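The values are calculated or read from the model by the stated rules, or taken from the named source; none is laboratory data. Everything quoted here is computed from the prediction, not taken from an experiment. Here the Cβ positions follow ideal geometry from the backbone for every residue, glycine too, while neighbour counts run over all protein chains shown.
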Amino acid sequence: MPELPEVETVRRGLIPALEGAAFQQVVVRRADLRRPFPENMANRLVGKRVERLGRRAKYLLIYMSDDLVLVIHLGMSGHMTVYETKNAPPPGKHDHVDFITDGGHTIRFTDPRRFGSMDIADASSLESHPLFANLGPEPLSNAFNGPALAAALKGKKGPIKTALLDQTVVAGLGNIYVCEALFRSGLSPIRKAGTIKGAVADRLAGDIVAVLQDAIASGGSSIRDHLKIDGTLGYFQHSFAVYDREGQPCPGGECDLSACGGIKRIVQSGRSTFYCPTKQR
DNA sequence: ACGAGAACCTGTTTGC
DNA sequence: TGCAAACAGGTTCTCG
């Protein structure tokens, strides 16, 4: 899925087709993904004009007229495709929703695993909405830094890997970018979360921000390429230092593969963790 | 209160 | 080659 950088990339990719446009028709082919859609979702959206696109954690926010926000989570396998309506192909098995605009675009939401969700909320009280009330700081905002991270981790006895996946600690990280950020910081994923403080917390917070910004930068470029081809938004290829690279040497070159065995895969709280046992302590 | 595990779904990859 | 198990980028509920 879409972790924070992918959602941000989708947001930016949707701006040209959505900002300023109104929903002319909304076709819902399946009204329940992870949870049921709001009552009459399609009818409530038709006629609304999109004012701007936002994002909070991994949630895409479509701010509309009448103080309403369409809140979309892409789950594990969700993605968006932008078509010119006249060229939109027949919907496939997992194409659950089409948003058809008065600007001649169709934005199609596809989600094979159906872990995604949609909701309609009031813009003025968004932060108190149940989905957002307990979220931690936005990592790319001023509210996120070493001291804030250390405070959120204080007293936590579980591993730092698991703590960073907790959206109440910091909002928007997923399995890939947690692994990548810990590698950059040279911190073992097994290390007790509560031991991260001071300069170490400063470093980790900085590396979390850097990893996300790099991913957004590379996603932004691949999005432009994608749009030329078929308009698909949601996933993009880029290279990771450790994620899904079990047994391979980690970047940097100073690890001796025969001595350290390369990148290791372990399972923590049921999720794969990839790391370099030599560099990450 | 906290943390680990299961559950929610379907598609793809891996291993015998 | 074929089939079953394992696994996939998330969230949320239950249980100890």
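Quick notes
- Restricted to segment A:259-281, and to residues there that are more than 9 Å from DNA strand C (Cβ to nearest atom) and among the small types (Gly, Ala, Ser), the residue that is surrounded by the most Cβ atoms within 10 Å (Cβ to Cβ) is A:Gly262.
- Residue within segment A:148-166 that is buried (at least 16 other Cβ atoms within 10 Å of the Cβ), under 14 Å from the mean Cα position of the chain (by Cα) and either polar (S, T, N, Q) or more than 23 Å from A:Ala241 (Cβ to Cβ) (or both) present: no
- Residues of segment A:8-47 classified as under 22 Å from the mean Cα position of the chain (by Cα), over 15 Å from A:Val82 (Cα atoms) and away from DNA strand B (no atom under 16 Å from the Cβ), total: 1
- Selection of segment A:56-78 for residues being polar (S, T, N, Q) and modelled with pLDDT of 95 or more yields only A:Ser65.
- Filtering segment A:104-140 to residues that are part of a helix (DSSP H, G or I) and without any contact (Cβ under 8 Å) to a residue 60 or more places away in the chain leaves A:Ser124, A:Ser125, A:Glu127, A:Ser128, A:Pro130, A:Ala133.
- Listed by first and then second residue, the pairs linking a residue in segment A:1-20 that is part of a helix (DSSP H, G or I) to a residue that is among the charged types (D, E, K, R), with Cβ atoms under 7 Å apart and 6 or more places separating them unless they lie on different chains, are A:Leu4/A:Lys58; A:Val7/A:Arg55; A:Val7/A:Lys58; A:Glu8/A:Arg55; A:Arg11/A:Arg55.
- Filtered residues of segment A:12-63 (kept if within 15 Å of A:Gly75 (Cα to Cα) and buried (at least 17 other Cβ atoms within 10 Å of the Cβ)): A:Leu33, A:Phe37, A:Arg55, A:Arg56, A:Ala57, A:Lys58, A:Tyr59, A:Leu60, A:Leu61
- Looking only at segment A:239-277, and only at residues there that are closer than 19 Å to A:Ala163 by Cα and among the aromatic types (Phe, Trp, Tyr), the one that is modelled with the lowest pLDDT: A:Tyr243
- Scanning segment A:156-177 for residues that are within 13 Å of DNA strand B (Cβ to nearest atom), in a helix (DSSP H, G or I) and out of contact with any Ser or Thr (no Cβ under 6 Å at 6 or more places or on another chain) yields A:Ile160, A:Ala163, A:Leu164, A:Leu165, A:Asn175.
- Filter pass, A:Asp214 being charged (D, E, K, R), outside any loop (DSSP other than H, G, I, E, B) and modelled with pLDDT of 95 or more: no
- Residue in segment A:223-231 that is of a type outside the set (A, V, I, L, M, F, W, C), modelled with pLDDT of 85 or more and more than 20 Å from the chain's Cα centre (by Cα) present: no
- Flag for A:Ile72 being in a strand (DSSP E or B), within 12 Å of DNA strand C (Cβ to nearest atom), at negative phi and among the aliphatic types (A, V, I, L, M): yes
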